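The structure under discussion appears below in the form of structure tokens.
The values are calculated or read from the model by the stated rules, or taken from the named source; none is laboratory data. What you are looking at is a predicted structure, and each value in this text was computed from that prediction instead of being measured. So basically every Cβ, Gly included, is an ideal-geometry build from the backbone, and we count neighbours across all protein chains shown. We work out accessible area using only protein heavy atoms, side chains counted, and drop any ligands, DNA or RNA first. Shrake-Rupley method; radii C 1.70, N 1.55, O 1.52, S 1.80 Å.
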Protein chains: 2
Amino acid sequence: MLTQKTIKQINSLNQKKFRQQTGLFIVEGVKGVGEALKNKAEVELLIIEDEHKNQKDLADLARLAKKNKIPGEFCQASAIKKIKTTDTFPGVLALVKQPDIILDDVIKNTSMILCLDGVRDPGNLGAIIRTADWFGINSMILSSDCAEIYNPKTVRSTMGSIFRIKVWSSPELAASLSKLKKHGFKIFGLDLSGSDLAKIMPCDKTIFVLGSESHGLSPKVASLCDKMYNIKGKGQTESLNVAIAAGILLNKIAS
Amino acid sequence: MLTQKTIKQINSLNQKKFRQQTGLFIVEGVKGVGEALKNKAEVELLIIEDEHKNQKDLADLARLAKKNKIPGEFCQASAIKKIKTTDTFPGVLALVKQPDIILDDVIKNTSMILCLDGVRDPGNLGAIIRTADWFGINSMILSSDCAEIYNPKTVRSTMGSIFRIKVWSSPELAASLSKLKKHGFKIFGLDLSGSDLAKIMPCDKTIFVLGSESHGLSPKVASLCDKMYNIKGKGQTESLNVAIAAGILLNKIAS
């Protein structure tokens with residue numbers, strides 16, 4: 001039985017302010033919650049819709065949670081109605097603790113880091129995290145004006161990859177990149193003025209930075225880049241969606 | 001001055017039923033409306049927010065519309081409030097006639113066609129149309145269960161590319177592909193079981209089919225494929241976002 005207090009807590013986590021205050025975030029759906037449990041994220045509470053609890057995938061999640069001593073609640077339709085989710089309630093959700101990630105975690109055992117500068121759309125950020133996971137890139141750095149990692153829309157579009165990739169939000173991206181250059185990282189940017197990405201040569205210790213679709217890389221970040229690359233097009237449109245550009249880039253440098 | 005009737009008509013076009021009945025759709029924003037005008041789409045009405053009419057980009061659009069004898073209205077904040085848009089009103093919108101596209105248009109002067117089977121998310125469909133435009137692919141075929149081409153979210157995420165790419169919605173995709181095979185087209189599919197896409201050889205008269213993220217290609221369509229390809233990953237996630245997969249594919253075969 002879900003208390004009013006818990007429902008209120010869940011709904012408050014749709015706001016960034018409360019995610020920051022509590023250090024928690026919401027994961028919705030079988031795929032996301034399953035990945036949280038499998039990847040040993042700190043799940044504080046699992047909520048399963050009572051009506052669907054015998055459904056195999058949900059029953060499996062409930063069993064896995066029980067095994068890991070994670071508190072679980074079965075919840076009736078009347079309570080579900082009070083929970084605000086990004087879409088219709090997908091049968092299951094979890095309250096998860098945000099991991100403490102610092103810059104050192106992101107650079108440890110890593111030869112390639114994907115970095116985003118001002119990517120504001122949570123759906124794009126989530127899709128990029130998922131794509132990084134596909135290509136085995138484990139480390140990402142975000143500028144402070146990127147979409148928030150724990151926004152429900154970001155989390156949903158990572159499809160669970162958020163629990164495998166270390167994503168660190170830098171308070172001052174240019175300063176962080178300067179520091180990493182001193183640690184021997186080369187910094188490459190994606191920019192319309194750059195050389196053809198198809199001709200890039202493999203390189204150890206690389207940070208690849210993508211900017212926003214409308215503004216590109218910020219001037220400070222651009223000035224730190226050792227080289228710029230571009231995805232050559234043939235048509236008349238002016239730009240690619242940033243998540244698609246990231247996919248093409250990763251396919252080239254990480255596959 | 002916008003009449004109640006016009007406002008009602010605009011708002012009705014948020015529904016597929018009315019888009020089909022009237023053969024019209026809505027384009028929002030400077031970029032989309034600008035591309036509609038530049039690419040000689042049949043714009044029936046242009047609406048510009050009165051408050052911003054002296055803004056250079058909007059004034060340019062108004063001039064271009066006037067030159068092409070397209071009816072335009074300047075519209076006050078009180079009327080704007082009554083218009084339902086996908087987000088906040090972006091200063092300008094247009095009512096545009098859906099072009100009559102038939103299969104013959106799509107295959108004319110084309111050696112490569114991108115085909116989508118069951119891609120239901122309008123944002124993904126729009127991003128794919130925009131990416132096709134980037135790589136100079138001018139023809140697309142959609143299965144009937146794909147997102148609708150003229151859904152406002154699809155239109156918005158094409159960023160105007162919808163006015164350059166011929167997109168045909170097939171009532172029965174497998175039957176259409178069978179017919180195209182008889183016209184000499186090879187059909188390649190993207191599937192997790194396929195060969196490495198990195199090794200694909202250029203080929204004339206090709207149709208490349210992508211399925212939905214959750215269900216892949218439908219069995220009938222899969223059985224028509226001459227060969228399957230796959231984008232090799234290294235991480236642990238099970239699939240790529242379909243728009244990102246399309247981007248990687250097009251970068252490989254069309255750049």
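Numbers for the structure displayed
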item	result
Tabulated pairs, region B:132-150, first at pLDDT 95 or above, second acidic (Asp, Glu) and open to solvent by 20 Å² or more (accessible area, probe 1.4 Å), C-beta under 7 angstrom, 6+ apart or interchain	B:Ala147/B:Asp121
Test: residue in region B:156-166 that is open to solvent by 20 Å² or more (accessible area, probe 1.4 Å), among the aliphatic types (A, V, I, L, M) and on the phi > 0 side of the Ramachandran plot	yes
Given (1) more than 14 Å from chain B (Cβ to nearest Cβ); (2) open to solvent by 20 Å² or more (accessible area, probe 1.4 Å); (3) in contact with a helix residue (DSSP H, G or I) (Cβ under 8 Å, 6 or more places away or on another chain); (4) in a loop (DSSP other than H, G, I, E, B), number of the condition A:Gly184 does not satisfy	(3)
Count of residues meeting criterion [open to solvent by 20 Å² or more (accessible area, probe 1.4 Å) and at the interface with chain B (Cβ under 9 Å from one of its Cβ atoms)] in region A:198-239	9
Matching option when the condition is surrounded by fewer than 16 Cβ atoms within 10 Å (Cβ to Cβ) and within 20 Å of the chain's Cα centre (by Cα), among B:Asn68, B:Asn109	B:Asn109
Residue count, region B:240-255 (criterion: more than 7 Å from chain A (Cβ to nearest Cβ) and either under 17 Å from A:Thr158 (Cβ atoms) or open to solvent by 20 Å² or more (accessible area, probe 1.4 Å) (or both))	4
Test for A:Ser193: is it open to solvent by 20 Å² or more (accessible area, probe 1.4 Å), closer than 22 Å to B:Arg130 by Cβ, polar (S, T, N, Q) and in a strand (DSSP E or B)	yes
Looking only at region B:93-105, and only at residues there that are in a helix (DSSP H, G or I) and either touching a residue at least 12 places away in the same chain (Cβ under 8 Å) or within 14 Å of chain A (Cβ to nearest Cβ) (or both), the one that is farthest from B:Glu42 (Cα to Cα)	B:Leu103
Residue selected from region B:106-138 under the condition outside any helix (DSSP H, G or I) and within 16 Å of B:Leu240 (Cα to Cα), by the criterion nearest to the other protein chains (Cβ to nearest Cβ)	B:Asp121
Residue among B:Leu24, B:Leu45, B:Leu58, B:Leu37 that alone is touching a strand residue (DSSP E or B) at 6+ places or on another chain (Cβ under 7 Å), open to solvent by less than 60 Å² (accessible area, probe 1.4 Å) and either more than 24 Å from A:Thr237 (Cβ to Cβ) or of a type in the set (Phe, Trp, Tyr) (or both)	B:Leu45
Checklist (1) open to solvent by less than 30 Å² (accessible area, probe 1.4 Å); (2) of a type in the set (Phe, Trp, Tyr); (3) more than 25 Å from B:Val167 (Cα to Cα) applied to B:Phe89, failing item	(1)
